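Comments concern the structure below.
Just so you know, all these numbers are worked out from the coordinates, no wet-lab data involved. The shown structure was predicted, so the numbers you read here are calculated from the model rather than taken from an experiment. Here the Cβ is made from the backbone with ideal geometry for all residues, glycine too, and neighbour counts use every protein chain on show.
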Amino acid sequence: MRYEGNIFRPFSEANSYLLQCTVGCSHNKCTFCGMYKDKRYRVRELGEIMEDIRMAGEHYGDIEKVFLCDGDAIDIDTGDLLAILRQLKDTFPSLRHVGTYVGPASTLRKSAGDLAALRGAGLTKAYLGVETGDDALLAEVKKGVNRDEMLRAGRNLLSAGINLSSMVLLGLAGRGPRSREHALATAQITNEMGPQYLAALTVTPVPGTILHRRIEAGEFLPLDPFETLEEMRTILANLHVEGLRFVGIHASNYLPVNGTLPRDRETMLRLLDSVLESRNPEMLRPEGMRGL
């Protein structure tokens, strides 16, 4: 197994074999993201990827879960990606899960037939950085698509039978009235998209990013911990997706909140309300234990 640069994965892929199929992210322009700034994007040679799979088979034996790195493996030519998925299945007979980050623009470049073929070959889960349902905010953070395009990308993945984890960012709009607008718009796009999972993370300024420079210049006022929880509460209170798994336990969050809607909604809201009422910092995750 060979890796170039820092490797990132969702926390739910902690037990997955990480197969680097692309180096970096095909978009790599988001103002808040510092994950792939040290890499020039390229798709690895297919032969290299196949050799890595062979080496992983010799090292690990049979495995059940694989995550395709880096930022946007769905950007790979469909034929090559199908070959990778077939090789994974041939190498790991017990394979039951293959996940990957997906960019909205690269997802939209795939036809319905492409996505269905990828699902049939074993691509089971996609992690889509939706970030917000606010159209103007998507443009500001240079996401590369508008709200309607983001919604269509998510729906296309779901229509193909691929489990979808929509990732959204608390605090992305900063302090002020746009905070609530961002939260309400995020709940709305989630309701329209209907993913199986909604992963809420908290904006964490990364040195070297545009967002970090805006904060240093006083152009962007970050939310305090309790304001981010108010956004989380607004999103939760306005979600109407049956069976949606709300995943708010990422290390960036000030308070781990987790459950299935609508069953656990009131329990999660009561937890948030108790913390917001007390405004007691000791009820929050210590700053030293937060991270990306």
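Compute the length gained on full extension between Glu242 and Glu4: take 0.36 nm times their separation in residues and subtract their Cα-Cα distance, giving the result in nm to one decimal. Don't jump to the answer; show the numbers that get you there.
Numbers: separation 238, 0.36 × 238 = 85.68 nm, distance 4.02 nm.
Here the answer is 81.7 nm.
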Summing -39500 (n - 2.57) over every DSSP H run of at least 4 residues in the chain and dividing by its residue count gives a helix-only mean residue ellipticity at 222 nm, to the nearest 500 deg cm²/dmol, of -12000 deg cm²/dmol
Suppose R0 equals 51 Å. What FRET efficiency, 1/(1 + (r/R0)^6) with r the Cβ-Cβ distance, do Ala112 and Thr267 give to the nearest 0.05?
0.85
Between the helical axis of 147-159 and the dominant principal axis of the chain, each derived from Cα atoms, what acute angle in degrees is found, rounded to the nearest 10?
50 degrees
Does the stretch 193-292 classify as rounded, prolate or oblate by the C-alpha gyration tensor (a ≥ b ≥ c root eigenvalues; a/c under 1.5 gives rounded; else a/b over b/c gives prolate, otherwise oblate)?
prolate
Result for the chain, cysteines with no Cys Cβ partner under 4.7 Å, is Cys21, Cys25, Cys69
Of the cross-linked pairs Lys89/Lys142; Lys37/Lys110; Lys29/Lys125; Lys39/Lys89, which ones have a Cα-Cα span greater than 27 Å in the structure shown?
Lys89/Lys142; Lys39/Lys89
Taking a crude spin-label model, label points 7 Å out from Cα along the C-beta direction, the Phe11 to Asp62 distance in nm is 3.2 nm
What distance in nm lies between label points placed 7 Å from Cα along the C-beta direction at Ala83 and Glu219?
4.4 nm
Angle, helix 112-121 long axis vs. longest principal axis of the chain, Cα atoms, 0 to 90°, nearest 10?
70 degrees
If you take every DSSP beta bridge whose two residues both sit in the stretch 167-292, what share of them, in percent to the nearest 5, is antiparallel?
35 percent
Which loop-located trypsin sites (Lys or Arg not before Pro) does the stretch 149-256 contain, where loop means any DSSP state but H, G, I, E or B and the Cβ has at most 14 other Cβ atoms within 10 Å?
Arg175
Based on Cβ point charges of +1 for Lys and Arg and -1 for Asp and Glu, what charge dipole magnitude is obtained for the stretch 1-142 about its Cα centre, in debye rounded to the nearest 20?
60 debye
DSSP bridge orientation in the chain - percent antiparallel, rounded to nearest 5:
20 percent
Ignoring GluC sites (Glu not before Pro) that are buried or in helix or strand per DSSP, and keeping those with at most 16 other beta carbon atoms within 10 Å, what is the longest stretch of the chain between them?
65-218
Share of antiparallel DSSP beta bridges in the stretch 1-123, in percent to the nearest 5?
20 percent
Residue-ordered couplings for the stretch 199-212, obtained by feeding phi - 60° into the Karplus form 6.51 cos²θ - 1.76 cosθ + 1.60 and rounding to whole Hz (Gly and Pro as x), are 9, 9, 10, 10, 3, 10, x, 10, x, x, 8, 4, 4, 4
Shape parameters for the stretch 1-113, alpha-carbon atoms, Rg then Dmax in Å:
13.7, 41
Which trypsin sites (Lys or Arg not before Pro) in the stretch 45-135 pass both tests, a DSSP loop state and at most 16 other beta-carbon atoms within 10 Å?
Arg96, Arg109
Modelled label-to-label distance, Arg285 and Arg42, 7 Å Cα→beta-carbon offset: nm?
3.6 nm
Quick one: His182, His212, His250, fewest Cβ neighbours within 10 Å first, how do they rank?
His212, His250, His182
